[in-house]
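The structure appears below as structure tokens.
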Amino acid sequence: TDFFRPKAGSRHHRELPGNVTVAPNGVEGPDPKPLPDNKVSLSFPGDYHTKSAQSRFAYAFLLVDCHLERPSYRGFLYNMVVAISNLRHYQSTQDVVVYIQMAANDPHARLPTHEMKWLDRLGCRIQYLDPPPDEARQGASMNNNTTRQPSPKFDFSASQMLKFQILDLVEYERVLYMDADVMPLCNLDYIFHLSADKGVIKENVVFAWIKEPANGGFFMLQPQPGHLQELYALRDSVLSNNNKEFDVVQGWGQAFVPPDRWMAFQRRHVGMKWNFYAANSDQGLLYHWVKYHRKQVTLVFGINAENWGVDPANHSRAMREDPNNTTNFFFQPFANSSCVARDMAPPGTDLNTLTFAKHESYAMTLIHKPPYSDFIHFYGPFKPWDSPQLEPPCAPHPSSSTHAGQWAPKCQNSRQYFFHVLRKCNQELDMKIDFDHWDQVYENIQSPPLEERRVSRGGNKKKKRG
């Protein structure tokens with residue numbers, strides 16, 4: 001049974017081009033040249049617009065610092081394949097846009113063709129971003145022959161600003177961005193519809209994380225012409241005015257004035273300063289952009305949310321709205337929307353045992369709270385591909401022959417489920433992953449591609465990517 005493959009004739013069904021070849025071991029020569037457009041359906045640097053948008057909304061992913069000689073990016077690519085396969089399997093009808101940035105010191109212009117084929121078979125629109133300038137790398141330099149010199153370190157925070165490229169996808173009404181280490185468990189299209197069709201939530205939606213008011217790895221924005229340039233101008237202005245030192249009071253240009261505050265998923269984490277994790281990077285800029293600059297956002301804290309809009313008495317100010325006219329600003333837009341319960345539960349499944357969240361590092365804080373229960377964020381050291389230990393196959397479910405039963409709810413945790421789906425993708429996409437020798441695969445992909453340096457609570461913190 002095809003786990004994710006769209007039906008023939010559907011907008012996401014694509015046959016593999018017959019003249020794209022891969023060696024038996026799945027390895028190609030360096031930097032293969034693109035074939036003529038009329039011979040191959042794959043996208044090449046900068047040309048994703050040749051594939052026109054096929055839906056009102058889109059999902060977007062970002063894969064950065066890709067270097068073919070040290071392919072540590074490949075674990076994130078595996079997860080992207082799993083994530084997109086899950087969306088396709090559970091009948092999402094929305095486009096998927098994948099941004100890819102090669103490493104500054106990699107001479108190749110793009111990923112190997114066999115890896116491009118995985119994304120092409122999933123119907124993705126692919127856009128390559130310009131590699132980062134060498135001067136962005138510590139110790140990087142150019143010699144007289146303009147040959148790039150190896151430099152393994154990279155500013156992770158700077159790379160995370162690339163996710164705002166989704167603001168340029170103006171052909172879509174909404175774009176839901178997910179980091180390359182986020183795995184949706186089911187069809188998340190309902191988030192688009194709650195915003196654009198039902199008007200329950202705003203056009204911009206930001207989800208708080210455990211200790212932060214914004215999760216830079218999962219959010220939805222409304223693209224508009226000029227908004228990307230506007231956001232980057234705001235970023236550059238703030239950083240230049242502060243002499244590149246981040247002001248934890250003014251943040252990105254707006255101090256918190258009571259009763260305003262930021263609030264995380266765990267509501268004991270509340271603050272009046274821009275000192276939460278990544279406040280000086282993507283998460284802080286995202287929060288400021290939608291709340292104080294655009295002044296149109298739904299902020300989500302678990303099952304609760306609040307809307308912010310323009311203050312009618314002072315259009316330069318943002319105001320918390322009261323959607324129920326009860327002076328209770330909180331409302332619950334996702335209470336009955338979980339796609340896990342709708343898509344993944346075979347008949348008779350006890351929903352109290354359905355989610356993987358109880359097995360994860362964030363434990364009971366996210367369980368049964370859609371949309372948090374509908375995706376897994378493998379942040380920090382909890383990435384399943386970052387371990388030499390291969391998870392065993394999931395136990396089959398009695399109804400595994402059914403559409404919902406293929407989820408195999410006897411998977412013990414999300415790591416095991418990740419490999420459950422990756423094995424299916426390996427068969428369907430001919431990925432040639434050697435699960436019998438996973439320890440050798442792990443040796444290639446174990447190191448995170450970027451070193452993360454972010455400012456938190458006024459000091460530099462060095463953390464593993466994610």
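The values are calculated or read from the model by the stated rules, or taken from the named source; none is laboratory data. Keep in mind it's a predicted model, so treat the numbers as computed, not measured. Methodologically, a virtual Cβ is constructed for each residue, glycine included, from the backbone with ideal geometry; neighbour enumeration extends over all protein chains shown. What goes into the accessible areas is simple: the full protein's heavy atoms, side chains included, and nothing from ligands, DNA or RNA. Shrake-Rupley method; radii C 1.70, N 1.55, O 1.52, S 1.80 Å.
Which one of these does Gln165 not meet: (1) closer than 26 Å to Pro132 by Cα; (2) in a loop (DSSP other than H, G, I, E, B)? Gln165 satisfies every listed condition except (2). Looking for something surrounded by 19 or more Cβ atoms within 10 Å (Cβ to Cβ), part of a loop (DSSP other than H, G, I, E, B) and in contact with a Lys or Arg (Cβ under 9 Å, 6 or more places away or on another chain) - is there at least one such residue anywhere in the range 222-229? Within the range 222-229, one or more residues are surrounded by 19 or more Cβ atoms within 10 Å (Cβ to Cβ), part of a loop (DSSP other than H, G, I, E, B) and in contact with a Lys or Arg (Cβ under 9 Å, 6 or more places away or on another chain).
Set side by side, the residues Phe44, Phe76, Phe61, Phe57 differ, and just one is at pLDDT 70 or above, touching a strand residue (DSSP E or B) at 6+ places or on another chain (Cβ under 9 Å) and farther than 24 Å from Leu422 by Cβ, which is Phe57.
Take Asp343 and decide whether it is in contact with a Cys (Cβ under 8 Å, 6 or more places away or on another chain), closer than 20 Å to Tyr90 by Cα, charged (D, E, K, R) and modelled with pLDDT of 85 or more. No: the conditions fail for Asp343.
Here Asp95 clears all of (1) within 24 Å of Gln427 (Cβ to Cβ); (2) touching a Gly at 6+ places or on another chain (Cβ under 8 Å) except the condition numbered (1).
Within the range 56-85, being more than 16 Å from Val175 (Cα to Cα), open to solvent by less than 10 Å² (accessible area, probe 1.4 Å) and in a helix (DSSP H, G or I) holds for Gly75, Phe76, Leu77, Asn79, Met80, Val81, Val82, Ser85. Taking residues in the range 210-234 that are more than 29 Å from Pro370 (Cβ to Cβ), and partners anywhere that are β-branched (Val, Ile, Thr) and buried (at least 17 other Cβ atoms within 10 Å of the Cβ), the pairs with Cβ atoms closer than 9 Å and at least 6 places apart or on different chains are Leu228/Ile166. Identification of strands (runs of 3 or more DSSP E) wholly contained in the range 244-337 with 2 or more residues that are basic (Lys, Arg) and either modelled with pLDDT under 95 or open to solvent by less than 60 Å² (accessible area, probe 1.4 Å) (or both) yields 314-320. For the range 179-200: of the residues being part of a loop (DSSP other than H, G, I, E, B), open to solvent by 10 Å² or more (accessible area, probe 1.4 Å) and in contact with a strand residue (DSSP E or B) (Cβ under 9 Å, 6 or more places away or on another chain), which is nearest to Phe382 (Cα to Cα)? Restricting to residues being part of a loop (DSSP other than H, G, I, E, B), open to solvent by 10 Å² or more (accessible area, probe 1.4 Å) and in contact with a strand residue (DSSP E or B) (Cβ under 9 Å, 6 or more places away or on another chain), the top hit is Asp179. Give the residues of the range 91-113 that are within 18 Å of Ile191 (Cβ to Cβ) and either open to solvent by 10 Å² or more (accessible area, probe 1.4 Å) or out of contact with any Cys (no Cβ under 6 Å at 6 or more places or on another chain) (or both), sorted by residue number. Listed by number, the residues that qualify are Gln91, Ser92, Thr93, Gln94, Asp95, Val97.
Of all residues in the range 164-209, those satisfying the criterion of being within 22 Å of Ser373 (Cβ to Cβ), in contact with a helix residue (DSSP H, G or I) (Cβ under 7 Å, 6 or more places away or on another chain) and charged (D, E, K, R) are Arg174, Asp181, Lys202. Scanning the range 176-205 for residues that are within 13 Å of Pro333 (Cα to Cα) and either in contact (Cβ under 8 Å) with a residue 12 or more places away in the chain or touching a His at 6+ places or on another chain (Cβ under 9 Å) (or both) yields a count of 9. Pairing each residue of the range 278-301 that is farther than 23 Å from Asp322 by Cβ and of a type outside the set (A, V, I, L, M, F, W, C) with any residue that is part of a strand (DSSP E or B) and open to solvent by less than 10 Å² (accessible area, probe 1.4 Å), provided the two are 6+ apart or on different chains, yields no C-beta distance under 6 Å.
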